[in-house]
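Undergrad: My questions will all concern the structure given below.
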Amino acid sequence: RSHEDEEKRVNKELANIRTKFKEPSLNGYNRKKYVCKLIYMALLGYEVSFGHREAVDLVNSSKYSEKQIGYLAISLLMEEDADYGRMVVAAMRRDIHDTNEFNVSLALNAVSNICTREIAEVLTPDIVVQLLSPVASLFIKKKAALCLLRLLRRFPEAVNAQQWAARVIPYLGHRDIGVTLSVASLVTALAQQYPEDMRKAASFAVRRLKSLVIDNEYAVEYVYYKVPAPWLQIKLLRLLQYFPAPESPELRSLLLSILRHIIDVSQDTPRELQQMNAQYSILFEAINLGIQLDIDQGLMQECAVLLGRFITSREINVRYLGLETMAHLAAYIDSLDTIKTYQGVIIQSLRDRDVSVRRRALDLLYSMCDVSSAKPIVSELLRHMVVADFTLREEMALKVAILTEKFATEYSWYVDVMMRLVSLAGDHMGDEVWHRIVQVILGNEELQLYASKIALQTLKAPVCHESALKVSAYVLGEFGHLIANAPDCAPVDQLKALQSKMAAGSHSARAVALTTVAKFINLFPEIKTLCLRVLDRYRGALDAELQQRAC
């Protein structure tokens, strides 16, 4: 009923178990029963270290039920620096080489669960022997492959993978799909760490894919909703992404025919959700492989058409994956014409109710943008920015700034877009954006006259964002004289426009404006008195920066 009652009960039981463990006549069944109780108490948070030796004794038992509880206890309770670690490793090694596959299985499970550095260093060669053994059962081969994967991920330098990695590769062609599936995970992990040593795996993966996809060689129990071994197909397609395109024309042609077959099969819309999930998972992995290897542009155009169907799907997950994969494709494909035909649909996705779909649509618009489509895309993004949620505005503003500078063909368009951008999304952008606008204007003489006119218009507008105020003030301070003779752009008009926005600006915006007023004294001697009055007003400002600039 209370923690105190529980503690009393546990302490009483622990005292009883200590006494029982000291009895020389304690049989295996009772030792197993008491170790089970210790496991339960350990899970409740009580100290039971005195029972670890008994668990080791159970591991050394010849009975499966006792060995099972012993390994369970060690897996849960053993610490990395335990003084009985050597005894456990010796017992594991003995069981790994046992003729009884259940004992081998228990040992491999325990190795994966405990996974200390000592176990990785000592037992890896024994586990490799079980994987490569011609007499080991399929069940043990699968467990051995996954056990090696666990050790490799945990202690990559302790398993000496380069000594045995190449011998594992042929098992990608093993007759049993379950073994191939386990080995594919191991080979993928090895390929990530030793790509050069594992290059032969590519040819085995392609031939295994051919047997599954084109030759239809598979056991019926591995067919999932009419899709043959989808998990193995996905693993093999992902494995191939770690290698360059095959050099052999025969292998290259074979891989291309596999990818084409996968795309052709995906043309028909599956009726059942599970079949759709399996089929589309394979398709998206195949498209990613096609993009990665870049072996056929015609195939990529077909992929773009197929993805166009996905981004109009009613299923949110399918739309999301379609947009994500199309963005990946747009970065590699030679011609964007096919993708551009879906521009309207993609822009519509910016208004999707799911924020993750909106993000992917934004990424795709960014990836597919080029000189010919920059103006409509940027215009849409600016229009959408007014209603976009705050989580998306910062990313959207940054992408608009990059696209505008990258694809601007007219200086006037660049200035118009950037001034509108800082007005709309100034709160979501760092100072580096307005610094960059000023930098571009300073570096292009043809831009300076137009930029000065836009700067004055921005200051005369009813509302002027702080970043827009900074840009406008800086530009007029440098190039205001270029428009001094234009109607409504006289020096006094420029000063009045600047003054009208200074009062509401932050300290940093007013600091930039004050420097502009100081520049006006040199540019326009006729308004020197008016400028001095403005500066004089800030000589006593509480902010040190403003006061210093005014003085």
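The values are calculated or read from the model by the stated rules, or taken from the named source; none is laboratory data. Note that this is a predicted model, so its numbers are computed, not measured. Heads up, the Cβs are rebuilt from the backbone with ideal geometry, glycines too, and the neighbour counts pull from every protein chain shown. Quick note on the areas: whole protein, heavy atoms, side chains included, nothing else; ligands and nucleic acids left out. Shrake-Rupley method; radii C 1.70, N 1.55, O 1.52, S 1.80 Å.
Undergrad: For the chain, what value does the Rg/Rh ratio take when both radii are computed over Cα atoms and Rh is the Kirkwood radius, given to two decimals? Before the final figure, lay out each step's value.
TA: Numbers: Rg = 35.3 Å, Rh = 29.9 Å.
Ratio of gyration radius to Kirkwood radius for the chain: 1.18.
Undergrad: Continuing with this model, one more query. Report the net charge of residues surrounding Val512, where surrounding means a beta-carbon distance below 12 angstrom and charges are Lys +1, Arg +1, Asp -1, Glu -1. Present the calculation step by step, with values, prior to reporting the outcome.
TA: On the way: positive: Lys470, Lys501, Arg510, Lys519, Arg549; negative: Asp431, Glu466, Glu478, Glu545.
Around Val512, the surrounding residues sum to +1.
Undergrad: Rounded to the nearest percent, how much of the accessible area of the chain (1.4 Å probe, protein heavy atoms only) is carbon and sulfur? Intermediate results must be reported in sequence, preceding the final value.
TA: On the way: 13580 of 26880 Å².
Percent of accessible area from carbon and sulfur atoms in the chain: 51.
Undergrad: Find, among the GluC sites (Glu not before Pro) in region 174-279, those assigned to loop by DSSP (not H, G, I, E, B) with at most 13 other beta-carbon atoms within 10 angstrom.
TA: Values: sites: Glu196, Glu217, Glu221, Glu247, Glu250, Glu272; in loops: Glu196, Glu217, Glu247, Glu272.
For GluC sites (Glu not before Pro) across region 174-279 that sit outside H, G, I, E and B with at most 13 neighbouring Cβ atoms in 10 Å, the list reads Glu196, Glu217, Glu247, Glu272.
Undergrad: Follow-up. Can you give the angle from 0 to 90° between the axis of helix 411-425 and the longest principal axis of the chain, with both taken from C-alpha atoms, to the nearest 10?
TA: Helix 411-425 sits at roughly 70 degrees to that axis.
Undergrad: Place a +1 charge on the Cβ of each Lys and Arg in the chain and a -1 charge on the Cβ of each Asp and Glu, then give the dipole magnitude about the Cα centre in debye, rounded to the nearest 20.
TA: Numbers: 65 positive and 64 negative charges, 230 e Å.
Here the chain has a charge dipole of around 1100 debye.
Undergrad: Using each residue's phi in region 164-179, evaluate 6.51 cos²θ - 1.76 cosθ + 1.60 at θ = phi - 60° and report the 3J(HN,Hα) Karplus result to the nearest Hz, with x for Gly and Pro.
TA: The phi angles translate into 10, 4, 5, 6, 7, 3, x, 6, 5, x, 4, 5, 8, 5, x, 5 Hz.
Undergrad: Now for a separate question. Per residue, how many Å² of accessible area does region 71-159 show with a 1.4 Å probe?
TA: Details: 3990 Å² over 89 residues.
I get 45 Å² per residue for region 71-159.
Undergrad: Taking the alpha-carbon set of region 507-547, what are its Rg and Dmax in Å?
TA: Answer for region 507-547, Rg first and Dmax second: 10.2, 30 Å.
Undergrad: Compute the long axis of helix 528-537 from its Cα atoms, compare it with the longest principal axis of the Cα atoms of the chain, and write down the angle in degrees, 0 to 90, nearest 10.
TA: It is inclined by approximately 50 degrees.
Undergrad: Give the separation of the Cα centroids, region 213-236 to region 125-174, in Å.
TA: With region 213-236 and region 125-174 each reduced to a Cα centre, they are spaced 23 Å.
Undergrad: Just to confirm, what accessible area per residue do you get for region 324-455 at 1.4 Å probe, in whole Å²? Walk me through the numbers before you get to the answer.
TA: Numbers: 6010 Å² over 132 residues.
On a per-residue basis, region 324-455 sits at 46 Å².
Undergrad: Got the relative contact order for the chain handy, in percent, Cα pairs under 8 Å and 6 or more residues apart?
TA: Working: 636 pairs, mean separation 28.2, N = 551.
Computed over the chain, the figure is 5 percent.
Undergrad: For the chain, what does -39500 (n - 2.57) per DSSP helix run (n ≥ 4), summed and divided by total residues, give at 222 nm, in deg cm²/dmol to the nearest 500?
TA: Calculated mean residue ellipticity at 222 nm is -22500 deg cm²/dmol.
Undergrad: Which ³J(HN,Hα) values, rounded to whole Hz and listed in residue order, are derived for region 336-343 from phi using the Karplus coefficients 6.51, -1.76 and 1.60 in 6.51 cos²θ - 1.76 cosθ + 1.60 with θ = phi - 60°, glycine and proline given as x?
TA: Computed from phi, the couplings for region 336-343 are 8, 4, 4, 5, 5, 5, 9, 4 Hz.
Undergrad: Would you mind classifying region 136-202 by shape? Square roots of the alpha carbon gyration tensor eigenvalues, ordered a ≥ b ≥ c; an a/c under 1.5 is rounded, otherwise it is prolate if a/b is larger than b/c and oblate if not. Could you put the intermediate results ahead of the total?
TA: On the way: a/c = 2.06, a/b = 1.28, b/c = 1.60.
Taking the square roots of the gyration eigenvalues as a ≥ b ≥ c, region 136-202 is oblate.
Undergrad: Considering only protein heavy atoms, what is the solvent-accessible area of Lys375 at a probe of 1.4 Å, reported in Å² to the nearest 10?
TA: 80 Å²
Undergrad: For region 63-194, what does the alpha-carbon gyration tensor say about shape, rounded, prolate or oblate, given a ≥ b ≥ c as the root eigenvalues, a/c under 1.5 as rounded, and a/b over b/c as prolate? Before the final figure, lay out each step's value.
TA: Details: a/c = 2.13, a/b = 1.35, b/c = 1.58.
Since a/c reaches 1.5 but b/c is at least a/b, the shape of region 63-194 is classed as oblate.
Undergrad: Could you please put Tyr450, Tyr342 in sequence from largest to smallest accessible area, using a 1.4 Å probe? Present the calculation step by step, with values, prior to reporting the outcome.
TA: Working: Tyr450 75, Tyr342 50 Å².
These residues rank, largest area first, as Tyr450, Tyr342.
Undergrad: Report, in degrees rounded to the nearest 10, the 0 to 90 angle that the Cα long axis of helix 201-213 makes with the longest principal axis of the chain.
TA: 80 degrees
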